[in-house]
């Protein structure tokens, strides 16, 4: 008797579970479901988490919006799963607009978008909408992180005592080259302006690990590379990768009494891991961007475009308006902060223009002639690191 | 400048190699008693996750360390049970556990990914750290790094100078002879396999609490395989295994230090280096010519052979059943 | 110590190895335990030394019942055993082996142990270097190490299982002298053997086992015919050596040398004619194995020439030797000869035929035919590891090709009872009549003398000139093996 | 008595599945999730519609190919852990043919298949040579070669075969249309790979059962020394086994490139090599069981990303399911043997 009842309860539970999960997928028509495809873990304290929280922000700002996400979509973490499968599943769940958030997804986004002409795609960090390769339901967006990288470089130059700054680079492409170079230019500017030094005596080393984050056996181990960069005499390390190894290693070494600092990347809260040695974080603030596209979808104004968002120069840290920002770190002294604010205001006013000539490429060829300012296209497609930087360009 | 670069780099190498030392020594103990624990890659990962998670939850690194050691010992226990008592192929079970533990660490460890957490306190040893060159290289670390030295020394003494160590070696070399001498072979195997597993677990904790602080998805993947190869390279001798671990650490550093100097060499060459190196060292220690060294060089051949070659314990993987 | 065994039973699966054995051993005597292979001697010895558990029965020491769960308990009770194949650890050195299990303190005390070892060695005239690795010792020396080790543990009863297999005559003399001396010091010795002459020489009393039961106990002096009767339940007559005409020269070794990192054997000259039987005598590891493996094409020659049937095969691949009709039957049957896990049928299928797709029916037929022709107790679907030793050897012979020029056998009758041994030799002699030359090793000197036409003696890597088997006795052979000429 | 025995045998063989279910449920509860919801998501993720079922078949193709290849090496007693690398080598060779040879449409696909098999075979031979002539255990040799193959792919993708608009982890530029395997309807499945996979399993089944080479390999696996004494050239046969397994794995890699991704991507092997290893362990080296286990594993593989999408659970649960089943299977097999032996002792 008792056994029977247990079996019935079990069966009911099973049925209930299936029904419940089935129900979840069909909701009221007012809702706007959107998909977010992340390349790394949603909680990586870096690039992917910045997107994840941006999407969460959009959920609170756009009525009816709700997110479906899949993280770690890369060929080594989620082997055998393709973007197409993910999009298919998201569409099956009712997603109308899908954010694909890595340059890795660029080619696949085009293919999938062609298969789903009714779904809108926001492809982050790519440029196929500009080059005309992408189908018309794909748009590109990116933030002008170059400015914030320059600020980061400036912070590093303000702090360095060994006159040696290191940049922990991911893989080599035009995006990573221009970001590393921006940091370099910012460092030179500030070293000259605020510390009165000769920028040529600054050493700026870039070490590439091979991907946006560590994949054992595929990339170099960023923990080890960070340590080696410090061992070689750098005392400030700028992270260009999606994850947090640089600040973790710096924190570890600071605990040993070394005077070292780190500047993490991507995620506004990245300094949390070791606030006292953090010189700040150049971060992406994706919330407004997500809101913009969701609203555009709702009122039917979504169109193909290539957008490279400036920061909101009125307040680069305004979470409702600015695409990129710079979170000050506790490692900066008040004087440093003041200098940094000054530098930011000069960038805002246009008094300082990054990528102002003369700029030579690493092999010595002139890229921007003396007195000229590089165009956006020139910056976007930077073919090499700049003269004076150490590290591989290709 | 150049000297400080070398000293600093060597100090990092010593610290970064300490988990490999623990894992290599643990595996050596386990293989020396006749049981291969192939699950190292997964064990280390699961132990690293558990260690960090427990340390974060409790606020004490030592809770994490003990937890990680328990995890390592339990995984070794599964291998021991299935091999000794249930007569299953230890390579098969070890391989399954490698994959399983890695997945478990991802699943259970999800809430702990890249959160700030406790780490071992830096603890220079007063006095010793002042020794020029050696001081900063060896005595300017944390407790776990010093424990790795202790592990090397104790294991070496255990093998060479103690009665339990002699029994352990006998069991691994010829279980039936050990049994004839009054040793409880299977109990001995259980015991040391688990001890070895606990050290493997400690290696995991060392990663997440001392070397690669915190936890992230597949945080330590690949190191377990290298540790397994180091045991062969080290010829099942704790001192040589430790040397192998440091050598691998040093060569890894060399790859990242050299990268900027060779901008034309594709970075992938540096990235694959540890594994290519693993194959090369195995080819070297197994090479036929070492077998013949005493023939080529009557004088030093024997000594050189002993240095280069290590014979696996003869009873490795051989089951023993009395009756 | 006085030991009494009452009604000991022990089964392995369906085999009743000890079926109610009762036995008494008085203090300070040398008690023989005689029986052919498989009579249950070793099982009984292992039970008494705690290595195996009995199914039922009683063991009384000084009239008090005891039971041993492990060798440790037996040693604690004063009973130690020397196994047939010395159970030591070759990878460790002599001193480590001596210390292993003898000390209860945490740290080893090698200096004290060394003194003790050397002292014991001196008492019995053994020459053991504490620091050499055991795998460099001879079988006799390993035995000596075991004896002193057990004595150091305070053993009062010592069981020796077939201790004279593989040791030289001088070592045997030394061993017997040692045993007499131990007995005179009050230590009881149980001497397990299937060799009548040794029992007669050494023991004061002998118990004969047959098929797991006691066939009888006899006091010294013994009558050989009575012992044989007890052992086999019948008498054997020695078959007369058949006259044979030797054929043309078949195997030629010309100043051949083989080297391994352990041993170099040089200057091997041998000419074997078709139908000739050559026995290779020598202690284990004296070089005879290397000669056999060189003749079989397994080990390459470092120097010199080898030709078979007028084909120069120097450093040619093993396959060519096979094609020319050379076959090698190793002693380690399950390790080197057969494929545990495979059935007899699969073995025959593997060795017969060359077409890509196997004709299983044909393989079954061949297997069935060979099984019945060679009296193998089994079916085509029997897994080889479940065959008894004698049947494995028969199966190995059944798998040989019918026409062979040269058959090389390592210890063809090791571990077999007399009946099986005789059957094997009948078969081998049939082959020699068809012109197959036979090269074999044995540790049984009688076997060498009885079946060989000529005998070659190896001693520490030096090969003697062949001697006519009719002109040597097993005694003189024993001395030649030990490096002494008669 | 008989019935009782049969029932207990039945219970023992069901035990791994039950235990896996219990174990994974516990883990899910620990993670604060509803186990039933999780399992039903996996099932529905694999069977929801015909396109999903086709995805299961797509995942089955490389698993079948790799598992059947591994049956060959396992028969010879070799633990070919290098299947991943052999898949990658096959994919690289295929990509080389597509990129470097301007072939007419009809020639392209057959040639990519051959190139893939050749590439995989060469990579397999490398591990084999290290094993037979370098005495490096194939586990370490194979594993090292896996990492080297991965590095080689990355080098090609970030170096000589860089896409026109910059290198990324998403791989080379897509292949031209003549190097795309045709798909069935609007699914992602393609017929020729399915046929090749089925043929591979069938051939390996017959090879191991009825051919002399298969028997020789088994002999080597059982006792290499004895096989050598019997006149079998063990080194050559082992190398051949490595090459054959490599060829099948290479074919799998080649098909991943021409029928799934339509380009070379990093880690194109997708972990299928390791998964196939588990499958072969579970099959007890019996080819006839492989297709069923492959199907089961493919369902989990295709269904588990759902956990993440719908329940915010890490999809590594799929791997946990697969691993635990094999582990419990091995343990239960051991327990069954122990029980059997004990009974024999009592009865005997």
Most mobile listed residue (D:138, D:337, D:228) in chain D, GNM with C-alpha springs under 10 Å: D:337
Can you sort C:346, C:320 from fewest to most other Cβ atoms within 10 Å of each residue's own Cβ? C:320, C:346
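By per-residue mean of other Cβ atoms within 10 Å, what is the highest-first order of C:402-410, A:352-360, A:368-376?
C:402-410, A:352-360, A:368-376
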Given the C-alpha centroids of the range A:312-353 and the range C:117-175, what is the distance between them in whole angstrom? 87
Once normalised by the length of the range D:60-298, the mean sequence separation of its alpha carbon contacts under 8 Å that are 6 or more apart gives a contact order in percent of 43
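Taking other Cβ within 10 Å of each residue's Cβ, how do A:159, C:195 sort, fewest first? The partial results should precede the final answer.
Details: A:159 23, C:195 15.
Going from sparsest to densest Cβ surroundings: C:195, A:159.
With an 8 Å Cα cut-off and a minimum separation of 6 or more residues, compute the relative contact order for chain A in percent. Display every interim value, and only then the final one.
Numbers: 824 pairs, mean separation 65.2, N = 394.
Relative contact order of chain A: 17 percent.
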If R₀ is 56 angstrom, what is the calculated FRET efficiency for the pair residue C:418 and residue D:133, using the beta carbon separation as r and rounding to 0.05? 0.75
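For residue C:319 and residue C:220, compute 0.36 nm times the residue count separating them, minus their Cα-Cα distance, and round to one decimal in nm.
Details: separation 99, 0.36 × 99 = 35.64 nm, distance 5.53 nm.
Extending this stretch completely gives an extra 30.1 nm.
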So how far apart, in nm, are the two label points at residue C:362 and residue D:337 if each is 7 Å from Cα heading toward Cβ? 3.6
So what is log10(I(q)/I(0)) for the range C:12-144 at q = 0.10, 0.13, 0.15, 0.17 1/Å, when the Debye sum runs over its Cα atoms only? -0.44, -0.72, -0.92, -1.09
Which residue fluctuates most in the GNM of chain B (Cα springs below 10 Å): B:59, B:201, B:26? B:59
Across C:191-198, the residue-averaged tally of Cβ atoms belonging to other chains within 10 Å stands at 0
Could the peptides B:255-263, C:56-64 be put in order, highest first, of the mean number of other beta-carbon atoms found within 10 Å of their residues? B:255-263, C:56-64
Could you work out which residue, out of A:277, A:119, A:237, moves most in a Gaussian network model of chain A, that is, has the largest mean-square fluctuation with Cα springs under 10 Å? A:119
According to a simple spin-label model (label point 7 Å from Cα along Cα-to-Cβ), what is the distance in nm between residue B:6 and residue C:135? 4.0
Spacing of the two label points (7 Å from each Cα toward its C-beta) at residue C:375 and residue A:195, in nm: 9.8
If one compares the long axis through the Cα atoms of helix A:106-115 with the longest principal axis of the Cα atoms of chain A, the angle in degrees, nearest 10, works out at 30
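Please give the average number of partner chain Cβ atoms lying within 10 Å of the Cβ of each residue in C:74-81, rounded to a whole number.
Working: counts 2, 3, 1, 0, 0, 0, 2, 1.
The mean count of partner-chain Cβ atoms within 10 Å per residue comes to 1.
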Starting from the Cα of residue D:233, move 7 Å in the Cα-to-Cβ direction to define the label point; list residues of the range C:352-370 whose amide nitrogen is under 19 Å from there. C:352-357
Express in whole angstrom the spacing between the alpha-carbon centres of the range B:22-49 and the range D:253-289. 28
Per residue and in Å³, how big is the convex hull formed by the alpha-carbon atoms of the protein assembly as shown? 208
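Antiparallel DSSP bridges in the range C:3-232: what percent, to the nearest 5?
Values: 23 of 41 bridges.
Restricted to the range C:3-232, the bridges split so that about 55 percent are antiparallel.
Could you list A:306, D:158 in order of exposure, starting from the residue whose Cβ has the fewest other Cβ atoms within 10 Å?
If I rank by nearby Cβ atoms, fewest first, I get A:306, D:158.
Calculate how many DSSP beta bridges within the protein assembly as shown are antiparallel, expressed in % of all such bridges and rounded to the nearest 5. Mind showing how you got there, number by number?
Numbers: 53 of 130 bridges.
Restricted to the protein assembly as shown, the bridges split so that about 40 percent are antiparallel.
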Expressed as a whole number of Å, what is the distance separating the alpha-carbon centroids of the range A:178-206 and the range C:365-421? 86
Here the percent of antiparallel bridges among DSSP beta bridges lying wholly in chain C, to the nearest 5, is 55
So, relative contact order of chain C in percent, Cα under 8 Å, 6 or more apart, is 15
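Values in this text are rule-based calculations from the coordinates and carry no lab data. All figures in this text were calculated on a predicted structure; none of them were measured in a lab. Glycine gets a Cβ as well: all are built from the backbone with ideal geometry, and neighbour counts include every protein chain shown.
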